[in-house]
Protein chains: 2
Amino acid sequence: MYIYLIRHGIAGDRAKYSNDADRPLTDIGRNKTKKVAKRLFDLDLRFDIILTSPLVRAMETAKILQEVQLCKKIETFEPLSPNGDINIWINWYALHKSCNSIALVGHQPDLGNWAEILTWGKTQEKLIVKKAGVIGVRISENGTPIGNSEIFLLSSPKWLV
Amino acid sequence: MYIYLIRHGIAGDRAKYSNDADRPLTDIGRNKTKKVAKRLFDLDLRFDIILTSPLVRAMETAKILQEVQLCKKIETFEPLSPNGDINIWINWYALHKSCNSIALVGHQPDLGNWAEILTWGKTQEKLIVKKAGVIGVRISENGTPIGNSEIFLLSSPKWLV
């Protein structure tokens, strides 16, 4: 399975929102995210499903991916919230091994941590993932994905679009 | 310092060359490498120096980077040969800390191993680096770079051009 961990786009200023979870994408964030999404579409990416953090800025990012036809199906997935537990996703994965390609939309440092746990078995927070950036992880068919996967892509929007 | 570990482009068939070190880039390899190089130039990358493995396919890749004006200066660097010793490069680094951005042209799995050693302190061979692909590593100004650096880019030509 190929998983694309996609960080939400640039969101509104923290100081302007009493609840961090409510911050929407800015116009610039929306435009840049759409460019990344279109580029992924042009590169023939298609996702079986998009799982997204329930926070507004992640949900909006996931909807942009859907709008450009990368995927029909979006589900909110609580463990993609900040400080979410990757083991809940591992359980999800065990039930969805037939998927070929999925997107996980969420936050930093969590997405980088998840990618590191999948590849090296633990995290040292050594992956720089910019807003609307992407990490591509290939999960081996056999065994647990933890410490058993490989990274084939890590990119900020700058390099992609 | 930003280091760009760049794998050589597609090279001639092993069976056709008695000495592996002599294999040149193919026409397709040369074209794809040039596209990657031009893209890096358009993204405003410039290198203070290119260090390259002395093998023909790496030297030719380094020359293409030079031809598109990414850098004036190329030096062959024996430790970038297959199975080269990163510690010799660490010694080089200690003497060249004033560089802002450099390219290291070489081979797999060595380049991926070097990137893992710089970031995680050891290698598990979990980075997929295609021919003419690039890994971007940011080295902290302080302390040894080993286990103290971060990855900001990992890309095959597909995503870049």
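We did not get these values from a lab; they are worked out from the coordinates using the rules stated. It should be emphasised that the depicted structure is a prediction, and the values quoted were computed from it without experimental measurement. Positions of Cβ are generated from backbone atoms using ideal geometry, with glycine treated the same way; all protein chains shown enter the neighbour counts.
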message = Counting only Cα atoms, I'd like the Rg/Rh figure for the protein assembly as shown, Kirkwood definition for Rh.
response = 0.99
query = When the Cα centres of the stretch A:95-161 and the stretch A:58-86 are compared, how far apart do they sit, in Å?
reply = 14 Å
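Among the listed pairs A:131/B:35; B:34/B:158; A:131/A:158; A:34/A:73; B:38/B:97, which are separated by more than 20 Å between their Cα atoms?
Going by Cα-Cα distance, A:131/B:35; B:38/B:97 fall outside the 20 Å limit.
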inquiry  = If R₀ is 22 angstrom, what is the calculated FRET efficiency for the pair residue A:73 and residue A:158, using the beta carbon separation as r and rounding to 0.05?
reply    = 0.15
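Which value in deg cm²/dmol, rounded to the nearest 500, describes the helix-derived mean residue ellipticity at 222 nm for chain A, given -39,500 (n - 2.57) per DSSP H run of n ≥ 4 and division by the residue count?
After summing the helix terms and dividing by residue count, I get -10000 deg cm²/dmol.
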ask   = Do you know the relative contact order of chain A, to the nearest whole percent, from alpha carbon pairs under 8 angstrom that are 6+ apart?
value = 30 percent
query = Hey, for residue B:96 with labels 7 Å out along Cα-Cβ, what do the inter-copy distances come to in nm, ordered shortest first?
reply = 4.5
ask   = So what are the three principal axis dimensions of chain B from its Cα atoms, in whole Å, longest to shortest?
value = 45, 33, 27
message = Considering just Cα atoms, how many Å³ per residue does the convex hull of the stretch B:36-122 enclose?
response = 99 Å³
task = Just tell me how shielded B:149-160 is by partners: mean number of partner chain Cβ atoms within 10 Å of each residue's Cβ, no decimals.
result = 6
key: For residue A:72, label point 7 Å along C-beta direction: distances to other copies, nm   = 5.9
request  = Please order A:33, A:123, B:26 by the number of other Cβ within 10 Å, starting at the fewest.
outcome  = B:26, A:123, A:33
ask   = For the rotation that superimposes chain A on chain B, which residue of A has the C-beta lying nearest to the axis, and at what distance in Å?
value = A:154, 2
